[in-house]
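The values are calculated or read from the model by the stated rules, or taken from the named source; none is laboratory data. What you see is a predicted model, and the numbers here were worked out from it, not measured in a lab. Protein only, heavy atoms only, side chains kept; ligands, DNA and RNA dropped before computing areas. Shrake-Rupley method; radii C 1.70, N 1.55, O 1.52, S 1.80 Å.
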Amino acid sequence: MTSNSDDSSNAGAQSVIYLDHHATTPCDQRVVAEMLPWLTENFANPHSDSHSMGRIAGDGLLAAVQEIATTLNGPAENLLITSGATESINLAMRGVMTHPRNRRKKMVVASTEHPAVLDVAADLTRDAIETVWVGTDQCGLIDLDALAGAVDEQTGLVNVMLANNETGTIAPIAEVARITHDAGALLHCDATQAMGPLAVDAKAMDIDLVSASAHKFYGPKGIGFLLAGNGNRRVRLRPQIIGGGQQRGLRSGTMNPAGVVAMASALTLATQEREDETARLLKLRDRFWNLLSSAIEGLQINGPRLELNQHELSSGDQAGQPHLFRLAGNLNFRSPRVEGETWMAATPGVAFSSGSACSSADPTPSHVLLAIGLSESESRRSVRFGLGRFTTEADIDEAARQLIASHHRLSQIGD
Ligand SMILES: *Cc1c(COP(=O)(O)O)cnc(C)c1O
């Protein structure tokens with residue numbers, strides 16, 4: 001039985017077990033139910049406050065924006081709605097660095113960032129913005145000494161993702177924030193993978209700018225947000241999309257009440273269910289890894305060791321909670337002999353990814369795996385699995401069975 005076998009809207013995918021939740025997640029049916037009336041009944045332009053229909057749409061939109069801001073513990077007036085994380089990242093990086101009042105012309109970027117961040121950093125060199133790269137250890141944790149050395153009074157923005165989309169590594173964000181603010185710079189976190197699985201308190205964690213996409217936390221595609229300012233210090237953005245003046249002129253265009261209501265609903269569900277879901281995913285992931293690694297000799301984990309997550313914190317606010325070094329649904333490892341692309345092609349019943357996950361058309365090895373110290377060959381032999389909300393134990397057992405069979409077959413061909 002597959003995860004979606006009782007879901008008629010996913011009929012075409014019934015035979016494939018979906019273990020690629022870092023790429024995207026299905027929209028939760030409860031989110032769809034919340035969203036529908038805002039497409040059909042309350043469809044008026046939310047900016048048309050001259051009539052009651054417009055005001056109903058506008059009020060619904062505002063309530064949803066407030067719900068998201070409350071979850072993030074940030075001021076609602078600083079929450080910008082975008083088309084998704086890529087746009088949010090562009091607005092955060094370009095918006096801060098090219099603002100006419102910004103005098104700091106240097107950015108610091110972690111080497112394991114998503115291409116959305118890497119490409120904007122590269123493009124900003126045309127605006128005379130210099131980028132300093134900071135590496136990580138072999139778990140993918142940013143080198144804090146190197147970071148402290150790189151951030152100075154010329155640095156306008158530090159970009160460190162909260163959780164990595166390939167290795168699931170969770171950043172030591174409190175230390176990153178302290179180093180950033182000690183030098184008077186702002187911190188931007190690509191929180192696309194963290195939003196949902198982790199509690200993100202922008203004020204307590206002191207993250208100035210937070211980027212995310214709803215479709216990574218069981219909401220619809222094409223909607224996301226940028227929190228630009230957590231209330232602790234001022235963030236000035238130069239708008240990237242103009243014309244109409246919506247969202248205080250920082251992001252023009254008619255807003256999408258259905259999308260924002262759905263995103264708020266998805267975030268609230270993920271928050272309410274986080275604790276149980278994290279425990280469930282940790283158990284499933286361990287089961288999956290144990291099945292695979294006991295049947296296939298020589299598999300090696302990429303990124304943080306899985307058993308680190310079982311260590312409970314003994315003190316502090318979160319005493320007794322398992323301390324996460326890695327997203328609970330993430331598994332990334334390498335085979336001693338089979339290439340990821342080959343393994344994927346030989347296992348059509350399981351959806352997973354290899355190499356550079358977000359650009360599977362691109363055969364070059366993952367920059368993240370190279371950055372954490374793997375060779376090109378090791379990177380090509382690596383695969384990534386993302387377990388999610390609707391993944392069952394039966395899915396895991398069946399996926400493992402198919403993966404083990406195809407790996408054995410491919411190993412024999414290789415001999
Ligand atoms: C998916 C992802 C993005 C891009 O999100 P879009 O919805 O495609 O804009 C950016 N960063 C990370 C870490 C991601 O996982």
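Values as computed for the structure displayed
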| item | result |
| --- | --- |
| Sequence-distant aspartates and glutamates (8 or more away, or on other chains) whose Cα lies within less than 14 Å of Lys105 | Asp123, Asp127, Glu130, Asp152, Glu153 |
| Accessible surface of the chain [probe 1.4 Å, protein heavy atoms]: carbon and sulfur percent | 51 |
| Accessible solvent surface per residue of the chain, calculated while the other protein chains remain in place, 1.4 angstrom probe, Å² | 43 |
| Karplus (6.51, -1.76, 1.60) ³J(HN,Hα), θ = phi - 60°, over the range 276-290, in Hz, Gly and Pro reported as x | 5, 5, 4, 4, 5, 5, 4, 5, 5, 5, 5, 4, 4, 5, 5 |
| Spherically averaged projected area of the range 154-224 from its Cα convex hull (nm²) | 5.1 |
| Cross-link partners of Lys203 among lysines (Cα-Cα below 21 Å; sequence separation of 8 or more within a chain) | none |
| Cα centroid separation, the range 207-238 to the range 95-131 (Å) | 17 |
| Taking the chain and dividing mean pair separation by its residue count, relative contact order in percent (alpha carbons under 8 Å, at least six apart) | 21 |
| Additional length obtainable on full extension of the chain from Asn232 to Trp133, 0.36 nm per residue less Cα span | 33.0 nm |
| Computed log₁₀ I(q)/I(0) - Debye formula, equal Cα scatterers, no solvent, the range 30-265, q 0.10, 0.17 Å⁻¹ | -0.45, -1.20 |
| Rg to Rh, two decimals, where the chain supplies the alpha carbon set and Rh follows Kirkwood | 0.97 |
| For the range 106-244, radius of gyration divided by Kirkwood radius, i.e. Rg to Rh on alpha-carbons | 0.94 |
